[in-house]
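Written out below as structure tokens is the structure these notes cover.
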Amino acid sequence: MFRGRIRMHTCRIILFTSLVWFLLDVAVLFYYSDSPTPSRGNNVGDGNPGPVPHNSLGILGVQAAGAHPAKRDILDDSNNAVNNFDSAASHSNQKDQEVIEVDERGFSLKYAKNQLKKWSLAPVVPEQAGQPGEMGKPVHLPADQESLMREKFRLNQFNLLASDSISLNRSLPDVRLEGCRDKSYPGLLPTTSIVIVFHNEAWSTLLRTVWSIITRSPRELLAEIILVDDASERDYLGKELEDHVANFPVPVHVLRTHKRSGLIRARLIGAKQVKGQVITFLDAHCECTEGWLEPLLARVAENRKIVVCPIIDVISDESFEYVTASDMTWGGFNWKLNFRWYRVPQREMDRRNGDRTQPLRTPTMAGGLFSIDKDYFEEIGTYDEGMDIWGGENLEMSFRVWQCGGELEIIPCSHVGHVFRDKSPYSFPGGVAKIVNKNAARVAEVWMDRWKDFFYEMNPGARSVEVGDVSSRRSLRKKLQCKSFRWYLENVYPESQMPLDYFFLGEIRNAETQTCLDTMGRKGGENVGISYCHGLGGNQVFAYTKRQQIMSDDNCLDATGTDGIVKLIRCHGMGGNQAWLYEAQDGLIRHVNSGRCLSKPESRDVTLPVLRRCDGSSGQQWIMKSRFKWQATIDDNSL
């Protein structure tokens, strides 16, 4: 009888164990089935969930709305448990039949399924009615605080008093296009590590950046936040900061450089420590908006060689008002290699079929805020470590990505605000001009082939700057089999103000007066001038192109009126009033539309060249001498 009870007990154990394993097998099979049922709420569902609707909070969102971020850990525990189970199941399941697309160098363009995470939408940050700065509204300080405000303004070159009065987790309006709010994204996405470099940053702006990331990002997709302190000197950014972030609901790590390294090298320190699949670089005075992260990660998941940027909105340095930026601008650059925003051309709108919510291919990026696959970041050479402090790294990476087989995009459905300052509060060893010229010269020497002459003519001081050894970067370009800068101008940025083909680059000197055409530093719409020839380039550098333009950077010589005034007008490439014919034999510069010739100034204003009837006099003769000539048939990939 005793033995019979043991047998009965053993049978029950066997049956119970078998039932448990059977249910576990069913769960795993169900998870890896191709069920089209979309995952919602906590995303406890099939292993290939459908898109997560971006306008639905789901179960988690309803429960968490209005809760303080620190209290959301309890809500997230269930999600983390599911994700841990999913991860374990993924590793136990063989992926022999999974085919990953690769490029010509063997770099995988897609993520394996076990590299992705299920996620749920972050709840909306509720408005704290009546509090300063809520919903992105401007902060207006009392008149009696004006003096204190100006005093503190100098510390960071923004209104610190206003920033300190605003909640670290303030509410913001949903600034996305209507079509973005209804977009759905894959239920499985890669994780990201956020890397933020700071130097003597204000407490409120730094912590507001961190909290906006935490509260407006799907928790499952945030691997960590890495704060890289670039030798800050303020006490509150030491142990106090470390203690403060130690208990945040997302892992926040503080790394330190101990000596001033600059943005570029400090970012590399952070990038070497990331655990996420994607690196997202942000500045230390940003605010992320609702739904900012998912569109970025979804696009990288489509193709790991796409580098993506959010639309960068403006946070006022005076009032901290949140101002939405246009989705109709993209990144470009001028002859000085300064980054500039320009209007998106019609051809790019046509490529997107007029859908402004679709990713926008941009020639360059601002560089402060972007996401890039961790392995691809390494594959294409991270940053140029020969660059110092800050400046030029954004153009260097933009050229490198495009010329070496990647793509660079602005994602209109992702918005991040940034405090834009009129000037930097920080000093640069050796001076700002020297560092910026060095960095830009490295860009020109490695990536721009013969078009580097435009930069040097506009920045003659850069010729004397020691750029350092660029052989390793040139070797990288050769190793990656990167395309020429001509290819970039033809295929990526045909709207660039750097002409593809031109006859001349340099000063335009009047034969009689021995004075030179000069922009005088004037803006578009103002008159072109003339002054003594200083031979230093800059404002006296003009290009005469095969399209019959006489251009200086963004502007072309343009004549419309009967008064003979010649203006600097934004180059449109359509000829017309901007078409000029130069014949070296007689030295005349003829305006094609009017048939008149560019002449020396008249006595009423000796600084303004004018258009007059052509008479062949020495006052109408101009000398264009240039050592920078080449034809389109010459190979422009000069390494």
Please count how many residues of region 415-473 are closer than 30 Å to Ser217 by Cα and among the hydrophobic types (A, V, I, L, M, F, W, C). 3
Would it be correct to say that Glu321 is surrounded by fewer than 22 Cβ atoms within 10 Å (Cβ to Cβ) and either over 24 Å from Asp469 (Cβ atoms) or among the β-branched types (Val, Ile, Thr) (or both)? yes
Go through the residues of region 596-615 one by one and say whether even a single one is loosely packed, with under 13 Cβ neighbours inside 10 Å, modelled with pLDDT under 85 and assigned by TED's automatic domain parsing to the domain that holds Val541. yes
Go through (1) of a type in the set (Lys, Arg); (2) without any contact (Cβ under 8 Å) to a residue 24 or more places away in the chain; (3) touching a helix residue (DSSP H, G or I) at 6+ places or on another chain (Cβ under 9 Å) one by one and return the number of the condition Lys479 breaks. (3)
Being within 22 Å of Ile213 (Cβ to Cβ), of a type in the set (D, E, K, R) and without any contact (Cβ under 8 Å) to a residue 40 or more places away in the chain narrows Arg256, Arg299, Arg267, Arg352 down to just Arg256
From the list Glu233, Glu220, pick out the single residue that is assigned by TED's automatic domain parsing to the domain that holds Met365 and either touching a His at 6+ places or on another chain (Cβ under 9 Å) or buried (at least 22 other Cβ atoms within 10 Å of the Cβ) (or both). Glu233
Looking at region 451-474, can you tell me whether even one residue there is in contact (Cβ under 8 Å) with a residue 24 or more places away in the chain, among the basic types (Lys, Arg), surrounded by 23 or more Cβ atoms within 10 Å (Cβ to Cβ) and within 30 Å of Ser108 (Cβ to Cβ)? no
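Which one of these is assigned to a loop (DSSP other than H, G, I, E, B), modelled with pLDDT under 95 and on the phi > 0 side of the Ramachandran plot: Gly386, Gly405, Gly391?
Working: Gly386 fails: on the phi > 0 side of the Ramachandran plot; Gly405 fails: modelled with pLDDT under 95.
Only one candidate qualifies: Gly391.
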Only residues that are in contact with a Cys (Cβ under 6 Å, 6 or more places away or on another chain) and closer than 18 Å to Thr364 by Cα: list them for region 403-417, please. Gln403, Cys404, Ile410, Val416
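Does region 556-568 include one or more residues that are crowded, with 21+ Cβ neighbours inside 10 Å and small (Gly, Ala, Ser)?
Yes - at least one qualifying residue is present in region 556-568.
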Those residues of region 587-626 which are under 17 Å from Gly529 (Cβ atoms) and assigned to a loop (DSSP other than H, G, I, E, B) amount to Lys600, Pro601, Ser603, Arg604, Val606, Thr607, Leu608, Pro609
Failed item in (1) in a strand (DSSP E or B); (2) out of contact with any Pro (no Cβ under 9 Å at 6 or more places or on another chain), with Met349 passing the rest: (1)
Checked region 101-142 for anything surrounded by fewer than 16 Cβ atoms within 10 Å (Cβ to Cβ) and touching a strand residue (DSSP E or B) at 6+ places or on another chain (Cβ under 6 Å); matches are Val102
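Do we have any residue at all in region 474-490 that's touching a strand residue (DSSP E or B) at 6+ places or on another chain (Cβ under 9 Å) and more than 21 Å from Asn593 (Cβ to Cβ)? Working first, answer last.
As a first pass, look at region 474-490 and keep what is touching a strand residue (DSSP E or B) at 6+ places or on another chain (Cβ under 9 Å): none.
No, every residue in region 474-490 fails to be touching a strand residue (DSSP E or B) at 6+ places or on another chain (Cβ under 9 Å) and more than 21 Å from Asn593 (Cβ to Cβ).
For region 251-271, give me the residue count where each residue is part of a helix (DSSP H, G or I) and out of contact with any Asp or Glu (no Cβ under 6 Å at 6 or more places or on another chain). Can you show your working first?
From region 251-271, those part of a helix (DSSP H, G or I) are 263-271; that's our starting set.
Those left that are additionally out of contact with any Asp or Glu (no Cβ under 6 Å at 6 or more places or on another chain): 263, 265, 267-271.
Of the residues in region 251-271, 7 are part of a helix (DSSP H, G or I) and out of contact with any Asp or Glu (no Cβ under 6 Å at 6 or more places or on another chain).
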Pair list, Cβ under 8 Å, 6 or more apart: region 417-432 residue more than 30 Å from Arg170 (Cα to Cα), other residue of a type in the set (A, V, I, L, M, F, W, C) and modelled with pLDDT of 75 or more: Phe428/Ile389; Phe428/Trp390; Phe428/Ile435; Pro429/Ile389; Pro429/Ile435
Filtering helices (runs of 4 or more DSSP H) wholly in region 170-250 for at least 3 residues that are touching a residue at least 40 places away in the same chain (Cβ under 8 Å) and under 25 Å from the mean Cα position of the chain (by Cα) gives 178-181, 203-215
Return only the number of the condition from (1) in contact (Cβ under 8 Å) with a residue 60 or more places away in the chain; (2) not in a helix (DSSP H, G or I) that Gly524 does not satisfy. (1)
In region 509-543, which residues are under 20 Å from Thr560 (Cβ atoms), of a type outside the set (A, V, I, L, M, F, W, C) and surrounded by 19 or more Cβ atoms within 10 Å (Cβ to Cβ)? Thr519, Gly529
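Looking only at region 268-291, which residues are over 14 Å from the mean Cα position of the chain (by Cα) and closer than 26 Å to Asp317 by Cβ?
Gly270, Ala284, His285, Glu287, Cys288, Thr289, Glu290, Gly291
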With the checklist (1) buried (at least 21 other Cβ atoms within 10 Å of the Cβ); (2) assigned by TED's automatic domain parsing to the domain that holds Arg260; (3) under 26 Å from the mean Cα position of the chain (by Cα); (4) over 27 Å from Val274 (Cβ atoms) in hand, flag the one item Ala162 doesn't pass. (3)
I'd like to check something: does region 318-325 contain any residue that is assigned by TED's automatic domain parsing to the domain that holds Ser163, touching a helix residue (DSSP H, G or I) at 6+ places or on another chain (Cβ under 6 Å) and either closer than 30 Å to Asp453 by Cβ or part of a strand (DSSP E or B) (or both)? yes
What pairs come up if the first residue lies in region 123-151 and is assigned to a helix (DSSP H, G or I), the second is small (Gly, Ala, Ser), and their beta carbons are under 6 Å apart, counting only those six or more places apart or on different chains? Glu134/Ser171; Met135/Ser171
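The values are calculated or read from the model by the stated rules, or taken from the named source; none is laboratory data. The model shown is predicted, which means the values in this text are computed figures rather than measured ones. As a convention, Cβ positions derive from the backbone with ideal geometry for all residues, glycine included, and neighbour counts pool all protein chains shown.
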